[in-house]
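The values are calculated or read from the model by the stated rules, or taken from the named source; none is laboratory data. In this text, all values refer to a predicted model and were calculated from it rather than measured experimentally. As a convention, Cβ positions derive from the backbone with ideal geometry for all residues, glycine included, and neighbour counts pool all protein chains shown.
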Amino acid sequence: MYKFFKFSMPIGIAGIVLSLILFATNLYYEWVIPVFERSMEDGPAFSAIDHLTYYTPLIIASLFVAYIVSGQIYIKKHHEKVEEKVTEKVIEKNEKIQKELDAKAEFFKHKYYTNCPKCGAPREENKSECSFCGASLIIEGSKDNKS
Ligand SMILES: [Zn+2]
């Protein structure tokens, strides 16, 4: 769908110009009408076709106008969608970074026992819980001494 509308502006303008040239020069009319003149007698049917043929380039031109307008609308919506997706990704990424920073900030708020007060196992780097028994290694009250 995007490919169909991608070049709707230049194609549409070219189409309109060609249609208007056909209309102004009466070329299309001169090409087509003799075919009907040979095969039909005068009558309401012929005069209807005569009119239709005369205005066909204008009808085609208006179709090209519709093509341009719908193309512009579609492309605008398409770009908005792409933009929305990119924005969503950036927000997602920022949230992830923020969470990591929050976790780090939370970690550095506390002081930690170097050995587990419960089982005596040494604290692993960047862990706030004993990796052996799961007990908290936070020294209580250290939260309040932060500068
Ligand atoms: Zn422990």
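Could you grab me the full set of residues in region 98-123 that are touching a strand residue (DSSP E or B) at 6+ places or on another chain (Cβ under 7 Å), closer than 13 Å to Ser136 by Cβ and hydroxyl-bearing (Ser, Thr, Tyr)?
Tyr112
Closer than 30 Å to Tyr74 by Cα, aromatic (Phe, Trp, Tyr) and without any contact (Cβ under 8 Å) to a residue 40 or more places away in the chain, is that true of Tyr55?
When the stated conditions are applied, Tyr55 passes them.
Those residues that are surrounded by 12 or more Cβ atoms within 10 Å (Cβ to Cβ), assigned to a loop (DSSP other than H, G, I, E, B) and either more than 7 Å from the ligand (Cβ to nearest atom) or at positive phi (or both), I need them from region 125-135; list them, please.
Ser128, Ser131, listed by residue number.
Please specify each residue of region 1-20 satisfying the condition of being without any contact (Cβ under 8 Å) to a residue 24 or more places away in the chain and of a type in the set (A, V, I, L, M).
Residues satisfying the conditions are Ala14, Val17, Leu18.
Here are some residues: Phe46, Phe36, Phe23, Phe64. Which one is surrounded by 13 or more Cβ atoms within 10 Å (Cβ to Cβ), of a type in the set (Phe, Trp, Tyr) and in contact (Cβ under 8 Å) with a residue 40 or more places away in the chain?
Residue meeting the stated conditions: Phe64.
Does region 9-61 hold any residues that are touching a Pro at 6+ places or on another chain (Cβ under 6 Å) and polar (S, T, N, Q), and which are they?
If the condition is that a residue be touching a Pro at 6+ places or on another chain (Cβ under 6 Å) and polar (S, T, N, Q), then Ser19 is the only one that fits.
Within region 99-121, identify whether any single residue is closer than 30 Å to Leu27 by Cα, modelled with pLDDT of 90 or more, of a type outside the set (S, T, N, Q) and surrounded by 14 or more Cβ atoms within 10 Å (Cβ to Cβ), and answer yes or no.
no
Going by the structure shown, is Ala105 under 47 Å from the mean Cα position of the chain (by Cα) and closer than 30 Å to Val32 by Cα?
Against the criterion (under 47 Å from the mean Cα position of the chain (by Cα) and closer than 30 Å to Val32 by Cα), Ala105 does not qualify.
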